[in-house]
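Worksheet: the structure to be examined is printed underneath.
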Amino acid sequence: MIAYDLQCKNNHTFEGWFEDSQAYEDQQKKGLIACPVCNDTNVFKVLSTFAIKSAAPLPKVNGKEVELEKITKELADYVEKNFDDVGSDFSKEALKIHYGVSEPRNIRGVSTKAEEKTLKEEGVQFFKLPIPERSDSDTDS
């Protein structure tokens, strides 16, 4: 079994369960997947799994650096609180979830380029998000 986060053209998001990725593709092509809110059959998959890597600080853009830093910190806090940190086992855990070996959940971690290539080839959706290093003052709160 595989679960996908789906969305219709009217931006309603919902979850769909399928025997495998081919079953999703077949049903989607035949228009058999419909939004439970508006019954729209123009449905597509949306990202639901994250790969998180540390990155250099964000560049300052037109005096908006304070707002950008605030948004980045809020996003980092959200991911930290709502995603299981699987560290370097990200690709293994993502594949387990993808193939129904593990329960679906939000995960974060790191992966190599080779692992990311494998995930893409297997049809695992993930999103790379740079998270800035935390300062000592961030960990005190």
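If the Cβ limit is 7 Å and pairs must be 6+ apart or interchain, which residue in the range 20-41 that is within 24 Å of LYS96 (Cβ to Cβ) pairs with which residue that is in a loop (DSSP other than H, G, I, E, B)?
The qualifying pairs are SER21/GLY123; GLN27/ILE33.
I'd like to know if the range 37-59 contains one or more residues that are in a strand (DSSP E or B), of a type outside the set (A, V, I, L, M, F, W, C) and modelled with pLDDT under 80.
Looking for residues that are in a strand (DSSP E or B), of a type outside the set (A, V, I, L, M, F, W, C) and modelled with pLDDT under 80, one finds at least one in the range 37-59, hence yes.
Going by what's in this entry, would SER102 be described as more than 22 Å from PRO130 (Cβ to Cβ) and surrounded by 14 or more Cβ atoms within 10 Å (Cβ to Cβ)?
Judged against the criteria, SER102 is a match.
For the range 20-36, give me each residue that is charged (D, E, K, R) and in a loop (DSSP other than H, G, I, E, B).
Passing the criteria: ASP20, LYS30.
Please find, among VAL86, VAL79, VAL101, the residue that is touching a helix residue (DSSP H, G or I) at 6+ places or on another chain (Cβ under 9 Å), farther than 18 Å from TYR4 by Cα and not hydroxyl-bearing (Ser, Thr, Tyr).
Exactly one of VAL86, VAL79, VAL101 is touching a helix residue (DSSP H, G or I) at 6+ places or on another chain (Cβ under 9 Å), farther than 18 Å from TYR4 by Cα and not hydroxyl-bearing (Ser, Thr, Tyr), namely VAL86.
Give the number of residues within the range 80-94 that are surrounded by 13 or more Cβ atoms within 10 Å (Cβ to Cβ), out of contact with any Asp or Glu (no Cβ under 9 Å at 6 or more places or on another chain) and over 14 Å from THR118 (Cβ atoms).
The number of residues fulfilling the criteria is 3.
Regarding the range 110-117, can at least one residue be identified that is assigned to a loop (DSSP other than H, G, I, E, B) and of a type in the set (A, V, I, L, M)?
The answer is yes; a qualifying residue exists.
Take the residues of the range 79-91 that are assigned to a helix (DSSP H, G or I) and over 13 Å from the mean Cα position of the chain (by Cα): which is modelled with the highest pLDDT?
LYS81
Taking the conditions exactly as written (at pLDDT 90 or above, part of a helix (DSSP H, G or I) and among the small types (Gly, Ala, Ser)), does ALA94 satisfy them or not?
In short, yes.
The values are calculated or read from the model by the stated rules, or taken from the named source; none is laboratory data. This is a predicted model, so every value here is computed, not measured. All Cβ positions, glycine included, derive from the backbone under ideal geometry; neighbour counts span all protein chains shown.
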